[in-house]
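Peer 1: One structure coming up, written as structure tokens, with questions to follow.
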Amino acid sequence: MTATTPKLLIDRFGRTVDYLRISITDRCDFRCVYCMAEDMTFLPREQVLTLEEIYTLAKAFVDLGVKKIRITGGEPLVRKGALELLENIGQIDGLQELVITTNGSQLEAMAMELKAAGVKRLNISLDTLDEDKFKAITRTGNLQHVLQGIQAAKLAGFERIKINAVILKNKNHLEVCNLVQYAVDNEIDISFIEEMPLGIVDQHDRSNAYYSSDLIRQDLAKQFSLVASLEKTGGPSNYFKVNGTQTRVGFISPHSDNFCSTCNRVRLTVEGRLLLCLGNEHSVDLKALLRAEPGNMELLKKAIIDAMLIKPEKHEFNVHEQPVILRYMNMTGG
Ligand code: SAM
Ligand code: SF4
């Protein structure tokens, strides 16, 4: 890299990109109805980035100013070698925060090792505390394993554990107060997410299932006193504090509150495409470059810097139309 090569990733709209999310597998032990079809075909191994390729890409991004990396999937903890990868990425000089998003199914066995590997924080997906609804939403998940996983994460000493809950009308919208009470009881945070139209799902009509953050806030106000907080965690959540508790409640509202103007992130798909925006298809094939020119870090970094020029200004999700984005969330990582 020459002395003039920028050390920061800045797009055309002046946004600095310092946060990378990496999907390390498209596979998962759950089949959540908003994320996957029931019958999924996963990618052949050769199309998926190897652990070494993921590490090399992570290193290039950190050299270019990325400070936070989130490992996600699919379910990241079902990929063989995930722990070792986390440990290696965690040691990259300049990286300030390594975090993961998980469905919690493997946490009971892995929480301690994740902590030892240098993972700073965990986001754990949990959409309901009701066994039947949990089965209906995840299709193959086991609620007790996830709840035990959350306790194991607390025991391992993880702080500021956050639950992510996607709320769908008539599936789990009546669960929001129970989930916040669970978060309060366990001194953890929770974010509610509006469903995004990624991939064709076969089980529900997304426009009928839309349940806005405003409605959730109204439901919660009947039981909790929520105090608006100016606190930001570098993400799209708007936060409230549950009065008199440690718990923060966040709302990620891609439909009702567009957060694109402060976007600081890009995503690396499981196939090694650098995706510039979750709601658009603008991407650059970094895997092709890596495999054509193995070890050429300068070329890789130049491609990443150049990619900033095609980062779109904002996403254009429309809950009332068929999705224009045909990829599923597990490819790109939520
Ligand atoms: N398997 C892990 C998990 O579930 O936490 C990590 C990957 S998952 C794709 C990441 C997050 O994306 C989860 O919190 C999940 O609820 C969310 N998600 C998946 N599909 C979504 C969709 N269509 N709209 C909004 N959020 C979605
Ligand atoms: Fe798997 Fe996470 Fe998608 Fe659910 S949301 S199917 S747990 S990747």
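Peer 1: In the structure displayed, which of LYS133/LYS169; LYS115/LYS162; LYS120/LYS314; LYS59/LYS120; LYS80/LYS133 lie more than 20 Å apart, Cα to Cα? Could you put the intermediate results ahead of the total?
Peer 2: On the way: LYS133/LYS169 12 Å; LYS115/LYS162 15 Å; LYS120/LYS314 29 Å; LYS59/LYS120 18 Å; LYS80/LYS133 30 Å.
Check vs 20 Å cut-off fails for LYS120/LYS314; LYS80/LYS133.
Peer 1: Just want the answer: with Cβ charges of +1 for Lys and Arg and -1 for Asp and Glu, which residue in ASN164, THR72, VAL119 is farthest toward the dipole's positive end in segment 9-332?
Peer 2: About the Cα centre, the residue reaching furthest to the positive side is VAL119.
Peer 1: A follow-up question, please. Using the crude model of +1 on Lys and Arg Cβ and -1 on Asp and Glu Cβ, and no other charge, please compute the dipole size for the chain relative to its Cα centre, in debye to 20. It would help to have the intermediate numbers written out before the result.
Peer 2: On the way: 40 positive and 43 negative charges, 135 e Å.
So the dipole magnitude of the chain works out to roughly 640 debye.
Peer 1: Related question: Based on the mean of other Cβ atoms within 10 Å per residue, sort peptides 309-315, 113-119 so the most packed one is first.
Peer 2: Working: 309-315: 15.6, 113-119: 18.4.
Ranking the peptides 309-315, 113-119 by packing returns 113-119, 309-315.
Peer 1: Within segment 75-107, find all residues whose amide N lies under 18 Å from a label point positioned 7 Å from the Cα of GLU52 along Cα-to-beta-carbon.
Peer 2: 80-89
Peer 1: Note down, for segment 81-226, the three equivalent ellipsoid semi-axes (square root of 5 times each alpha carbon gyration tensor eigenvalue), biggest first, whole angstrom.
Peer 2: Details: eigenvalues 162, 62, 47 Å².
Computed over segment 81-226, the values are 28, 18, 15 Å.
Peer 1: Another question, then. At 7 Å along Cα-to-Cβ for each site, give me the label-to-label distance between LEU215 and MET297 in nm.
Peer 2: Each label point is offset 7 Å from its Cα along the Cβ direction, giving 5.1 nm.
Peer 1: In addition: Please figure out what share of the DSSP beta bridges in the chain is antiparallel and state it in percent, rounded to the nearest 5. Kindly include the intermediate steps, with their values, before the conclusion.
Peer 2: Values: 14 of 44 bridges.
Around 30 percent of the beta bridges assigned by DSSP in the chain are antiparallel ones.
Peer 1: Could you work out how far the C-alpha centroid of segment 18-97 sits from that of segment 107-137, in angstrom?
Peer 2: Taking the Cα centre of each part, segment 18-97 and segment 107-137 sit 16 Å apart.
Peer 1: Rounded to two decimal places and with Rh computed the Kirkwood way over Cα pairs, what is Rg over Rh for segment 29-107? Walk me through the intermediate numbers first.
Peer 2: Values: Rg = 14.0 Å, Rh = 14.0 Å.
Ratio of gyration radius to Kirkwood radius for segment 29-107: 1.00.
Peer 1: Report the FRET efficiency, 1/(1 + (r/R0)^6), for PHE13 and HIS145, where r is their Cβ-Cβ distance and R0 is 30 Å, rounded to 0.05. Write down the numbers at each step before the final one.
Peer 2: Numbers: r = 43 Å, r/R0 = 1.42.
E(calc), rounded to 0.05, equals 0.10.
Peer 1: OK, next. Going 7 Å from the Cα of ASN208 in the Cα-to-Cβ direction, what parts of segment 150-190 have a backbone nitrogen less than 18 Å from that spot?
Peer 2: Inside the label zone: 167-174.
Peer 1: Place +1 on the Cβ of every Lys and Arg and -1 on the Cβ of every Asp and Glu in segment 9-332, take the dipole about the Cα centre, and give the residue among GLY141, MET196, TYR19 whose Cα lies farthest towards its positive end.
Peer 2: TYR19
Peer 1: Follow-up question, since we're still on this one. Of the peptides 262-269, 290-297, how do they stack up when ordered by the mean number of other Cβ atoms within 10 Å, highest first? Write out the running numbers ahead of the final one.
Peer 2: On the way: 262-269: 20.8, 290-297: 13.1.
Averaged packing, sorted descending, gives the order 262-269, 290-297.
Peer 1: Show that you can apply the helix-only estimate: for the chain, add -39,500 (n - 2.57) for every DSSP H stretch of four or more residues, divide by all residues, and state [θ] at 222 nm to the nearest 500.
Peer 2: -8000 deg cm²/dmol
Peer 1: Could you tell me what percent of the accessible area of segment 9-332 is made up of carbon and sulfur, with a 1.4 Å probe and every protein chain present? Please list the in-between numbers first.
Peer 2: Working: 6920 of 14020 Å².
On segment 9-332, the fraction of accessible area on carbon and sulfur atoms equals 49 percent.
Peer 1: How much length, in nm to one decimal, is gained on full extension between ASP39 and ASP93, taken as 0.36 nm per residue of separation minus their Cα-Cα distance?
Peer 2: Values: separation 54, 0.36 × 54 = 19.44 nm, distance 4.11 nm.
Answer, rounded to one decimal: 15.3 nm.
Peer 1: How large is the Kirkwood hydrodynamic radius of the chain, in angstrom, based on all distinct alpha carbon pairs? Please list the in-between numbers first.
Peer 2: Values: mean 1/r = 0.0492 Å⁻¹.
Averaging 1/r across every pair of different Cα atoms and inverting gives 20.3 Å.
Peer 1: Could you order peptides 223-231, 300-308 by the average number of other Cβ atoms within 10 Å of their residues, highest first? Intermediate results must be reported in sequence, preceding the final value.
Peer 2: Numbers: 223-231: 12.9, 300-308: 18.4.
My ranking of the peptides, most packed first, is 300-308, 223-231.
The values are calculated or read from the model by the stated rules, or taken from the named source; none is laboratory data. The structure presented is a predicted model; accordingly, all values stated were derived computationally and were not measured. Reconstructed Cβ throughout: ideal geometry from the backbone, glycine too, with neighbour counts over all protein chains shown. With ligands, DNA and RNA removed, areas are computed over all heavy atoms of the protein, side chains included. Shrake-Rupley method; radii C 1.70, N 1.55, O 1.52, S 1.80 Å.
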